Every structure is written in C-alpha cells, then in structure tokens.
Amino acid sequence: MREWGAATCTCPTRVGEQTREADTCAVIVAGGVGLRFGDPRGKQYVALCGMPLMCWSLLAFDRAPSIGHIVIVCSDERRGEVRDAVLPAVSLRHQVTLAPAGATRQDSVYSGLQAVPAEYEMVAIHDAARPLVTTEDVEACIAALRNDPSLGGAICAARTTDTLKLVEDQTIVATPDRSYYWNALTPQVFKTATIRAAHRAARWDAYQGTDDASLIERRGGRVLCVETSRANIKVTVPEDYVIAQALMERRLMSEGCGLDDVVPQGGDAE
Ligand SMILES: Nc1ccn([C@@H]2O[C@H](COP(=O)(O)OP(=O)(O)OP(=O)(O)O)[C@@H](O)[C@H]2O)c(=O)n1
Ligand SMILES: C[C@](O)(CO)[C@H](O)COP(=O)(O)O
C-alpha cells in the first residue's frame with residue numbers, strides 16, 4: 001500500500017453550484033478498526049491516490065448541493081488524526097462535527113445521528129470505507145427520498161451479477177432467482193426523525209442490523225433501491241484496496257482535474 005504523501009491526483013467533478021437549500025446532513029462512519037483489512041493504521045486512514053482513503057467520500061459529499069453539514073464518526077483515539085491529517089488534506093466548504101464511535105457500526109451511526117444539527121430534515125449515512133462514491137450517487141439517493149413522501153428511505157444499490165446459492169454446511173440448498181437480489185451500498189438516506197426512531201427501537205429490541213435500511217424495513221417502512229454506480233465498493237479486505245485504487249486512478253485520469261481543488265485547508269471541526 002502506498003504511504004500517505006502529497007496528493008498527486010484529485011477530486012470528483014463538481015456537480016454545479018448550490019441551487020436549493022441544503023436539507024441533508026451527511027453522517028460518515030469511520031469508527032471501525034478494519035479487522036478484515038488487517039492494516040494497523042485502519043483502512044479509512046491509509047493513503048488512496050495521495051490522500052487518506054476517507055477523504056474521497058468527504059469530498060463527494062461536500063460537493064453535493066443537497067448537503068449542508070458533515071458529521072464524521074471516529075474513535076476518540078483517532079480524533080486528533082482526523083483533525084490534523086484528514087481534514088487538512090481536503091478543502092471542505094461545509095462545517096464538520098466529530099462524533100464518538102461505538103462498538104458496532106450501528107452504534108456508531110446512532111452516535112452520529114445524535115450530532116446532526118436540528119435544522120437537517122434528512123440524513124445520508126455513508127461508510128468512510130467506500131471512497132468511490134460519487135456526488136451524483138449522493139444526489140440521486142437524496143432526490144429519490146425527497147420526491148416520494150411515502151418512502152421510509154432510499155439507498156444506493158447495485159443489482160447482483162453473480163449466481164447466488166443458498167448454502168448450508170457447504171452444500172447448496174437452492175439457487176434463487178437473482179433478479180430479486182441487489183447489493184446494498186451507501187449512502188442510505190432517511191428522514192432524520194424516522195431513522196433516529198428506528199435506531200432507538202433497534203437498541204430497545206437489541207436488534208443488530210448490518211445496514212440502516214434494515215432498521216426501517218423491520219418496522220414496515222418502504223425503502224427504495226436507487227440503482228447507482230457499482231464501482232462504489234466497500235474496502236473490506238486488502239484485495240478491495242487494489243481494486244479501489246485502480247478504479248480511482250481510472251476516474252482521475254478520465255476527469256483530468258487539477259490539484260488546486262484539494263489544497264490542504266480543512267473544514268471547521270467542532
Ligand atoms: N464500530 C464501528 C464499526 C464500523 N464502522 C464503520 O462502518 C463502515 C463499514 O464497516 P466495515 O467495513 O465492517 O468496517 P470495520 O468494522 O472497520 O471492518 P471489520 O469488520 O473488518 O473490522 C466503515 O466505514 C467503518 O469505519 C464504524 O463507524 N464503527
Ligand atoms: C452498510 C453496508 O456497507 C451496506 O452494504 C454493509 O452492510 C456494512 O456491513 P459490514 O459487515 O459492517 O461491513
């Protein structure tokens with residue numbers, strides 16, 4: 001893996017100026033230890049194309065016209081690193097609040113939700129470990145929820161392309177019709193009040209879901225899958241890093257934008 005160094009390549013495309021009131025707060029969860037990744041620095045802090053990996057998703061959200069504030073959830077031990085290394089590597093327009101991580105992803109999201117300023121009607125919850133999210137993905141998901149009041153949430157998702165097997169004791173039990181199966185990605189967007197209530201209910205019931213949509217589903221809410229870029233992978237194991245780096249390099253080469261947009265400055269961290 002490359003060491004952290006000066007940024008040699010840069011940023012996602014700007015998606016126009018802010019044309020509407022920003023009604024959504026981003027909650028970026030970066031509180032995991034990355035056991036499966038195995039690097040003691042933590043996968044969200046290793047360099048990807050010249051910046052800590054989590055910087056790429058911060059930029060994508062910062063440039064989304066619907067986003068007005070960013071909450072970053074990180075462990076107390078890494079708070080200093082976020083302030084001194086992550087935020088200075090990007091030039092964020094929006095104010096940033098840091099919230100303490102919890103023991104599980106769900107606990108970290110719960111913590112992040114407590115830090116969302118009162119004026120934000122919607123939240124977009126995102127894994128810091130998904131650096132390839134685009135501003136277009138973020139906006140598509142927010143627009144889907146905004147445009148359909150009957151929805152309990154809208155999530156970025158991609159259709160499954162492999163043949164799926166239901167397996168017990170390493171033996172195939174069934175081959176389900178894969179047209180019904182999609183991979184859940186992030187961001188996952190919800191009304192702030194709705195997802196806060198769903199998280200409170202899950203804690204009360206001691207329910208642990210692997211994503212936030214499942215907390216809405218279990219209460220009967222309808223969550224829409226918004227088909228977005230399948231390049232938005234989660235860096236989970238070391239092989240994912242290699243893929244993420246190749247995809248990011250390809251994106252940066254095709255966009256060909258300059259370094260001036262990512263000069264060290266940092267947002268105001270509260
Ligand atoms: N207690 C936790 C656990 C996870 N996450 C975040 O949730 C996202 C998705 O989690 P995952 O890929 O499982 O990350 P880790 O928990 O770090 O990985 P592992 O399970 O391999 O330890 C990551 O951005 C991770 O930092 C978090 O904020 N707090
Ligand atoms: C939220 C998520 O990224 C959607 O795919 C995923 O469920 C997180 O799961 P993990 O096992 O905690 O990585």
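The values are calculated or read from the model by the stated rules, or taken from the named source; none is laboratory data. Everything numeric here is computed off the predicted structure, so don't read it as measured data. As a convention, Cβ positions derive from the backbone with ideal geometry for all residues, glycine included, and neighbour counts pool all protein chains shown. Please note that ligands, DNA and RNA were not included when accessible areas were found on the heavy atoms of the full protein model with its side chains. Shrake-Rupley method; radii C 1.70, N 1.55, O 1.52, S 1.80 Å.
For the reader, a short list of remarks on this structure follows.
- Ranking 161, 135 from most to least accessible surface, computed with a 1.4 Å probe over the protein chains only, gives 161, 135.
- GNM top mover of 185, 35, 92 - the chain, alpha-carbon springs below 10 Å: 35
- Ranked packing of 143-151, 69-77, most packed first, by mean Cβ within 10 Å: 69-77, 143-151
- Note on surface exposure: 241, 207 rank 207, 241 by accessible area, highest first, 1.4 Å probe.
- Each stretch of four or more DSSP H residues adds -39500 (n - 2.57); spread over every residue of the chain, this sum gives -8000 deg cm²/dmol at 222 nm.
- Note on segment 73-215: with charges restricted to the Cβ of Lys and Arg (+1) and Asp and Glu (-1), its dipole about the Cα centre is near 240 debye.
- Simple Cβ-charge dipole of segment 27-122, Lys/Arg +1 and Asp/Glu -1, about Cα centre, in debye nearest 20: 260 debye
- About its Cα centre, segment 24-262 has a charge dipole of approximately 360 debye under the convention of +1 per Lys or Arg Cβ and -1 per Asp or Glu Cβ, with nothing else charged.
- Choice from 105, 79, 36 showing the highest fluctuation, given a GNM over the chain with Cα pairs closer than 10 Å: 36
- Average Cα contact separation per residue, the chain, under 8 Å, 6 or more apart, as relative contact order %: 27 percent
- Set of lysines with alpha-carbon distance to residue 191 below 26 Å, sequence-local pairs under 8 removed: 234
- Overall form of the chain per C-alpha gyration tensor (a/c, 1.5; a/b vs b/c): rounded
- For segment 116-270, the gyration tensor built on C-alpha atoms gives an oblate shape. Its axis ratio a/c (a ≥ b ≥ c) is at least 1.5, and a/b is not larger than b/c.
- Net length gained if the chain between residue 159 and residue 182 were fully extended (0.36 nm per residue, minus Cα distance): 7.9 nm
- Surface exposure of the chain, expressed per residue as accessible area with a 1.4 Å probe, stands at 47 Å².
- The chain: antiparallel DSSP beta bridges as a percent of all, rounded to 5: 40 percent
- Pairwise FRET efficiency - residue 242 versus residue 168, Cβ, R0 = 45 Å, nearest 0.05: 0.90
- Fraction of accessible area attributable to carbon and sulfur, segment 24-262 (%, probe 1.4 Å): 52 percent
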